[in-house]
Amino acid sequence: MRRRWMAAAAITFASVLGLSACGGGGGDTAGGQPSGGKQQVEVFSWWTGPGEADGLQAMRQIFEQQNPGQTFFDAAVAGGSGDKAKALLASKLQADTPPDTFQGHAGAELQGYIKAGDLEELNFLYDELKLQDVFPSQLIEQISVDGKIYSVPVNIHRSNVLWFNPAVLKEAGVAGAPKSIEEFLTALEKVKATGKIPLSIGSEWTAVHLLESVLLGSLGTDAYNALFLPGADWNSAGVTKALEDFKKIMSYAGDPQDDWQPAAKQVADGEAAFNVMGDWAYGYFHNPPEGGLGKTSKTDFDWAPSPGTEGTYLWLSDSFTLPKGAKNRDGAVAWLKVAASKEGQDAFNPKKGSIPARKDADQALYTDYLADALKDWSADKLAGSIQHGVAVNQPWLAEINTQVGLFLGTQDVAALQKGLADAAAANAQ
Ligand code: GAL
């Protein structure tokens, strides 16, 4: 186990060093400069990979149709969950050379950009487009400070999804998706006996992604949410138990894959039984080949809330911003208008594997997994994602990632718990 993770860590470090060389996924020319009489708008995200890029392309098409004087410059930086993109973004913001608009998660991550003074407020746009009424008020709170709103949310993603291969479960004698952590461990053991991979896993951030689902499933929703309040007790016996659960579950993980897509693919291809990943995996499984895998739902892959989390939506939301000093401010505002629109959201989300942030979307477009997601979003309790910017700010998340990375080598639960408790004490506000 230790050797495998150290190899994966080396790859990740090398790719971070190569950041500036690989930044810019769209094959366009330099951003922000006029080209052929058109203004370029530099849109910064991390949606380059299979299953990630399809939704962005759908929104780009609408933008280009509606804005013939603007060219979309795709400044996406590869790497799931945006770890590499966010590192590059931080250096661009530091140097006062921001992209015209960038992707940021609603919640603590966005609050960090707001507090740093990186963003223009968007109340003028909310007023002009009457957006206050179309987004859930709790979501607007996550992107506001003192009544000023700082981003346009395009979607709601669910983090706590257990993806599984029905045929692999059947072969192992597992009757259905496990509903508790104990049932999950039993199912993982049964799959192990067949020689298939019980649980697929990607690069290190996917272990943190798994950890948030295990914390939620083991602690319950109220105790999970309390972890992010000032004075929270990360040293509790409940957290110890959750981290022991995490250790046991991780002991069934296959070789770490380079990112979330190859890990998800192991499930769709019948090499692995389970994968815990956000519902962007749905876009990847379901979208036609080229962008996705073109797999058949319920046959090649199926889904359930991650064990112990039924009735709770571990949520996150991608949003776009207007950085102060954007070179092409008008272009950025035009992009935000598309991102805010019903048309833009209904083109983006069915491909992205997310549900729209707007409340008035065309529900008929959200079928199969996405129909379940819409239903659960309106009925479930809410909990905020750790890895995807809702519950913790970026310094806190970086420390959690460090601690989990160390744990993958040492397997030392007590050290992990101490590291997480110290991180909370240093960063909770
Ligand atoms: C999340 C992001 C999602 C998806 C995922 C995997 O942080 O919010 O939209 O891109 O990373 O890359």
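The values are calculated or read from the model by the stated rules, or taken from the named source; none is laboratory data. All values reported here derive from a predicted model rather than from experimental measurement. In this analysis, Cβ positions are derived from the backbone assuming ideal geometry, glycine residues included, and neighbour counts consider all displayed protein chains. Protein only, heavy atoms only, side chains kept; ligands, DNA and RNA dropped before computing areas. Shrake-Rupley method; radii C 1.70, N 1.55, O 1.52, S 1.80 Å.
Laid out as a table, the results:
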read-out: ILE197 accessible area, 1.4 Å probe, all protein chains in place, Å² to nearest 10; value: 40
read-out: Cross-link pairs LYS92/LYS247; LYS130/LYS375; LYS190/LYS351; LYS241/LYS265; LYS295/LYS359 - those with Cα-Cα distance over 32 Å; value: LYS92/LYS247; LYS190/LYS351
read-out: Fluctuation leader among GLU42, GLU182, GLU121 - the chain, Gaussian network, Cα springs under 10 angstrom; value: GLU182
read-out: Gap separating the Cα centres of region 281-347 and region 186-227, nearest whole Å; value: 23
read-out: Among GLN94, GLN70, GLN363: highest mean-square fluctuation, GNM of the chain, C-alpha pairs under 10 Å; value: GLN94
read-out: Sum of side-chain charges, ILE62 neighbourhood, beta-carbon under 15 Å (Lys, Arg +1; Asp, Glu -1); value: 0
read-out: Listed peptides 286-298, 199-211 by packing density, highest first (mean Cβ within 10 Å); value: 199-211, 286-298
read-out: Where region 204-356 is the region considered: accessible area per residue in Å², 1.4 Å probe; value: 31
read-out: Size-normalised alpha-carbon gyration radius of region 299-429, reference 2.2 N^0.38 Å; value: 1.35
read-out: Percent carbon-and-sulfur accessible area, the chain, ignoring ligands, DNA and RNA, probe 1.4 Å; value: 53
read-out: Cβ-placed point charges (K, R +1; D, E -1), dipole of the chain about Cα centre in debye, nearest 20; value: 520
read-out: Volume in Å³ per residue [convex hull over Cα atoms, computed for region 225-297]; value: 135
read-out: Which of GLY384, PHE348, ALA326, positive extreme of dipole for region 314-413 (C-beta unit charges); value: ALA326
read-out: Length gained when the stretch THR299-ALA167 is fully extended (0.36 nm per residue, less Cα-Cα span); value: 46.8 nm
read-out: Convex hull of the chain built on C-alpha atoms - directionally averaged projected area, nm²; value: 19.0
read-out: Highest-MSF residue in the chain out of ALA175, ALA223, ALA76 [GNM, Cα springs under 10 Å]; value: ALA175
read-out: Accessible-area ranking of ARG158, ARG60, ARG329, largest first, probe 1.4 Å; value: ARG329, ARG60, ARG158
read-out: Formal net charge of residues neighbouring ALA428 (Cβ-Cβ distance under 12 Å; K, R +1; D, E -1); value: -3
read-out: Cα→Cβ-extended label distance, 7 Å offset, between ASP233 and GLU189, nm; value: 3.1
